[in-house]
1. Gain in length, residue 175 to residue 544, computed as 0.36 nm per residue apart minus the alpha-carbon separation, to one decimal in nm?
2. Hey, if you drop one equal point scatterer on each alpha-carbon of segment 1-156 and run the Debye formula without solvent, what base-10 log of I(q)/I(0) do you get at q = 0.09, 0.12, 0.15, 0.18 Å⁻¹?
3. Counting just the Cα atoms, what span does segment 377-476 cover along each of its three principal axes? Round to the nearest Å and put the largest first.
4. Counting other Cβ atoms within 10 Å, keep those with at most 14, restrict to DSSP loop, and tell me which chymotrypsin sites (Phe, Trp or Tyr not before Pro) in segment 109-150 are left.
5. On full extension of the chain, what length is gained from residue 418 through residue 461, given 0.36 nm per residue of separation minus the C-alpha to C-alpha distance?
6. How would 14, 142 rank on accessible area, largest to smallest, probe 1.4 Å?
7. What distance in nm separates the two pseudo spin-label positions at residue 168 and residue 500, each 7 Å out from Cα along the beta-carbon direction?
8. Tally up the carbon and sulfur contribution to the accessible surface of segment 14-117 as a whole percent, 1.4 Å probe, everything protein left in place.
Amino acid sequence: IPVLQIVKESQQQHGLRHGDFQRYRGYCSRRLRRLRKTLNFKMGNRHKFTGKKVTEEILSDNRYLLLILMDAERAWSYAMQLKQEANTEPRKRFHLLSRLRKAVKHAEELERLCESNRVDAKTKLEAQAYMAYLTGMLRFEHQEWKAAMEAFNKCKTIYEKLANAFTEEQAVLYNQRVEEISPNIRYCAYNIGDQSAMNELMQMRLRSGGTEGLLAEKLEALITQTRAKQAATMSEVEWRGRTVPVKIDKVRIFLLGLADNEAAIVQAENEETRERLFESLLSECRDAIQAVREDLKPDQKQREHSLESDSGKVSNIQYLHSYLTYIKLSTAIKRNESMAKSLQKALLQQQRSEEDGKRTPRPQDLIRLYDIILQNLVELTQLPGLEEDKNFQKEIGLKTLVYKAYRCFFIAQSYVLVKKWSEALVLYERVLKYASEVQSGAGAFTNSLKELPDVQDLITQVNAEKYSLQAAAILDANDNHETESPSQVKDGKPLSERFETFCLDPSLVSKQVSLVHFPPGFQPIPCKPLFFDLALNHVAFPPLEDKVEQKAKSGLTGYIKGIFGFKS
């Protein structure tokens, strides 16, 4: 069985890509249960446990070896989970060591079974390397440096031989494991007494973008310990012509490692490593500032009771606090400037990124970074003890002009994208104004401005952008005079009112389709007519005199006949 390949694939697919050891442990338990059920190798039933061991006699299937391997992986993953929890609960370290011993025990059993004639040579070597790796980790935790280094060296030797014996595709996995354990070997060598291993560890930390696993915390602790030994000889620091005593150990350690950290940032091979080192330096600086703040509170109370002879002079502890704040703000500016440079490179490669389907950066992202930089520069001018330093204030003023020029440039770029030509042109002129002010006032501050972006390059770029902007504005003005094609017309009418006109309307395929006006609007209609009978006043009725006379002639006889019902 390919032991290392099975282990690596299982770890990457089930949680270890994100450092989730608990999830990986659950996967190992489930896979063990499936293997036992498939092989009918159950440990008793639900009422009684009956232990079974894998022996050479029943070794007819390679899945029996997988049983032992998953047992070892489950114990190892539980140990790594406990290691994460042991930072806050130290008692869990004993359980951690117990699980590591259990993992080594299963690895020894796997190595013993692989000595059988039924197992091929490659599996035997991989089992030996796996057992040596777990043994080295256990000795590493016990701080038995010599035994740990021997085990790691044995593991490294086996994997190097395997890498040379197979194809390049298969050798990649073995070489990755060799790179993983190399920092552990160097760390063990340093603890045994090899002082040169420290420099190699620092270089490994720089190249790989940070160590992982058991070595991560120990290497950071080792660096701090080494600096703490050197800090015993450090008593004061000089900044801007004033010497300040340093009595706080945390501040001494930070100031001693400042130059190494800055050199590591410069030598970083990629953006990810540089960003991580910036964050680490800022974190250490914040811790040092917090330690100074705690000493600053009683110092301020003493100054309230006793005024110093120099009324405008700040105390030593306050000046040290200003120095550390200056380092923090300067580092933040450098970090944001580094991020801005990477974004500018991405902007230049924008067309290729669009083809790849990735999100492309925008000028607005750079504007935000330069806003933060300008805010940091404002905070620098307000540091206690530097208000009267004319050179410092002028230097910060020139840096502010440089970053304002770049900020204006990218604001202009954002206006160009939305075709606001006049606003962009005004901002380009403002960029040239800022750049000329920097060049006129940078006589005595040439050295301090070397680390800043080059203003001359910006002037050249702005002049080129102005010409292209003017050309684009002229072309855009010509386009506006042309008749607008009906396919681009959007008059807001519903579909029922523009059947005769072709118009591309994206809203027709959305959830809010404009088909008709609803509810419909009111329309004028004729009212119901009113009838006035005026003709009656002009009607001439027929004469009725003849009928009236006939009734009069009938007399009494007719009346009597009418009473008795006799009709003529």
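1. The span from residue 175 to residue 544 would gain 119.2 nm if fully extended.
2. Log10 I(q)/I(0), no solvent term: -0.30, -0.54, -0.85, -1.19.
3. Each principal axis gives a Cα extent; for segment 377-476 these are 55, 23, 17 Å.
4. none
5. Working: separation 43, 0.36 × 43 = 15.48 nm, distance 1.98 nm.
Value of the extension gain: 13.5 nm.
6. Ranked from most to least accessible, the order is 142, 14.
7. 7.2 nm
8. 45 percent
The values are calculated or read from the model by the stated rules, or taken from the named source; none is laboratory data. In this text the structure is predicted, and so the values were computed from the model without any measurement. Cβ atoms come from the backbone with ideal geometry, glycine included; neighbour counts cover every protein chain shown. Calculation scope for accessible area: heavy atoms of the full protein, side chains included, ligands and nucleic acids excluded. Shrake-Rupley method; radii C 1.70, N 1.55, O 1.52, S 1.80 Å.
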